[in-house]
Amino acid sequence: MNARLDPSQSSVYLADTHAVTNVSRELCDYNSYSQDQALRQAVAREGAQWAEAELTAFGALTGSADYLEQGNLANRHLPEFDTHDRFGNRIDLVKYHPSYHRFMQTAVEHGLHSSPWTGPRSGAHVARAAGSYLHSQVEAGHGCPITMTFAAVPTLRLQPELAALWEPKITARVYDPRNVPVADKQGLTIGMAMTEKQGGSDVRSNSTHAYPLGQEGPGQAYELVGHKYFVSAPMCDAFLVLAQSRGGLSCFLLPRWRPDGSKNPMQILRLKKKMGNASNASSETELRGALAWMVGEEGRGVRNIIEMVSMTRFDCMVGSSSGMRMAVSQALHHCAHRSAFGALLTQQPLMQNVLADLALESEAAMTLTMRVARAMDHRDNEQEDLLVRLVTAVGKYWICKRTPGHAYEAMECIGGSGVMEDSMMPRLYREAPVNAIWEGSGNVQCLDVLRAMSKTPAVVDAFFAELQHSKGAHATLDRYVADLARDFGDRSDLEYRARDLVDRMALALQASLLVRHAPIFVGDAFCRSRLDQLGAHNYGALPRGVDTAAIIERATPRIG
């Protein structure tokens, strides 16, 4: 006999189907600096303890719900491009959402574009890297013009009279997004335009030509004619570009506006349709007699711009490490609130294996990045200078290469909700491959490592001297370094073996740093999982005996 429902209660009973239970909540309103033990320890260890208070305040901002939402908005409302105004005047104007401008303003006002140049001191690069690491976790796209502005200064200083005119406004903590001449602004941003259709990474094949307006040579005015296939952040106030002059491929500073207030004919053809880095516009441009000034020695354009490239590659390390940190933070937070099969996900052995492994990768990436930042602070020391020359390429290759797989695994920890566009995870996943491709792909980085070893053999000695600091601390690491040193002695088919060699260099460095500086349960787990196993390491394959609970506890951000 069927039971009857009380008619007065049946509609309420049938409609009450949406009890919200066993779900996570947004990771927000937390301090992304003070809740990151590994980062705080690295900042202190690498010489920027003096920045603790400022970074703590910055961490409160970057972890706040409002600021995190600004990151969503900046990527939901994409840049728009107008070639002309409504009266027919050529303007080449890219319009951004106010949220994007907010990130730019915050970055500039906190000196993420200039602080090591305006306030050089021990730890200056470390403090800036830590700030960029926190800021990029919220929104990555704005980091491109901030990075290029920061990186342009060493190259611009090769031409002192140009640096004297431009550097004060480049390094000023004033963000002015208006599309107006330089004379009308107090703060400027700088971009870079090297890539052409026919060459890509082979910039020596560039076909853009520079024609002198009078006297030739460094510091002199030229007009540039050519096609730049990939110009990121086209609303920057000026760009460092490469073009062929009479003496060969040279470096030039090209402004958006001429000194007389007229529009410089660097004309944007279109905005690129990118899968990631959506908030930041990238464009294809034509140079139709654009005014520019030669920077540095004629015919040495690649050498002159290489310091800028090195700086931007370092920031690729920062950005990818930052993406890893946010991805694993999202996964750890979710799994600390979600239950399945009778227990929280963070209490289940297989999920612990995956989460701890993701945390290890994230900490190793950040630790190597901050070590390179310290070396950048001490370029007057030969050992540190040699490390920067070699390890920037090693770290850029390895950390950026590891990020896409890391983002995917973090997304899988969250499950179906992590695939939804109202989550941060799809944005992190789309962003993940970008840094591996920009500023020189994986093969280019590996070839640059070989080039540095050939041109300056002392970089190899500096590399192994760095590894010697951890000798005797872990037997697996000692064996790994000995095998690597032996293989360095084999000079045959180096180019063919370059990826394997650079993979192992990166792992050896990360392991050495973690064994020296991280808790023993971190360093031991990294060595046993990365150095004892051959081939690519699959996340969630940590060996027996790893203290996954301790690793998870160390890495998990807490709200409140």
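What the table below lists for this structure:
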{"quantity": "Theoretical FRET efficiency, 1/(1+(r/R0)^6), r = Cβ-Cβ of Asp487 and Thr83, R0 56 Å, to 0.05", "calculated": "0.55"}
{"quantity": "Potential lengthening between Asn443 and Gln37 on full extension [0.36 nm per residue; Cα-Cα distance subtracted]", "calculated": "142.8 nm"}
{"quantity": "Most to least packed among 232-239, 394-401 [average Cβ atoms within 10 Å]", "calculated": "394-401, 232-239"}
{"quantity": "Share of carbon and sulfur in the accessible heavy-atom surface of the range 18-71 [1.4 Å probe, %]", "calculated": "54"}
{"quantity": "Efficiency of FRET from Cβ geometry, Gln215 and Lys274, R₀ 45 Å, rounded to 0.05", "calculated": "0.65"}
{"quantity": "Degrees between helix 52-62 axis and first principal axis of the chain (Cα, 0 to 90, nearest 10)", "calculated": "80"}
{"quantity": "Cross-link pairs Lys95/Lys273; Lys273/Lys401; Lys228/Lys401; Lys169/Lys396 - those with Cα-Cα distance over 20 Å", "calculated": "Lys273/Lys401; Lys228/Lys401; Lys169/Lys396"}
{"quantity": "Whole-number percent relative contact order across the chain, with pairs defined as alpha carbons under 8 Å at least 6 apart", "calculated": "14"}
{"quantity": "Segment Ala465-Phe341, extension gain: residue separation times 0.36 nm, minus the distance between their alpha carbons", "calculated": "39.7 nm"}
{"quantity": "Relative packing of 146-152, 285-291, 211-217, 174-180, which averages over residues the other C-beta atoms within 10 Å, highest first", "calculated": "146-152, 285-291, 174-180, 211-217"}
{"quantity": "Average accessible surface area per residue within the chain, 1.4 Å rolling probe, Å²", "calculated": "42"}
{"quantity": "Nearest-0.05 FRET efficiency for Ala57 and Ser24, computed from C-beta distance (R0 41 Å)", "calculated": "0.90"}
{"quantity": "Whole-percent carbon and sulfur share, accessible surface of the range 240-351, 1.4 Å", "calculated": "54"}
{"quantity": "Percent carbon-and-sulfur accessible area, the range 108-176, ignoring ligands, DNA and RNA, probe 1.4 Å", "calculated": "58"}
{"quantity": "Alpha-carbon centroids, the range 292-347 and the range 188-205: separation in whole Å", "calculated": "21"}
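The values are calculated or read from the model by the stated rules, or taken from the named source; none is laboratory data. It should be emphasised that the depicted structure is a prediction, and the values quoted were computed from it without experimental measurement. A quick note on method: Cβ atoms are made from the backbone with ideal geometry, for glycine too, and the neighbour counts reach across all protein chains shown. Remember, those area values only see protein heavy atoms, side chains included, never the ligands or the DNA or RNA. Shrake-Rupley method; radii C 1.70, N 1.55, O 1.52, S 1.80 Å.
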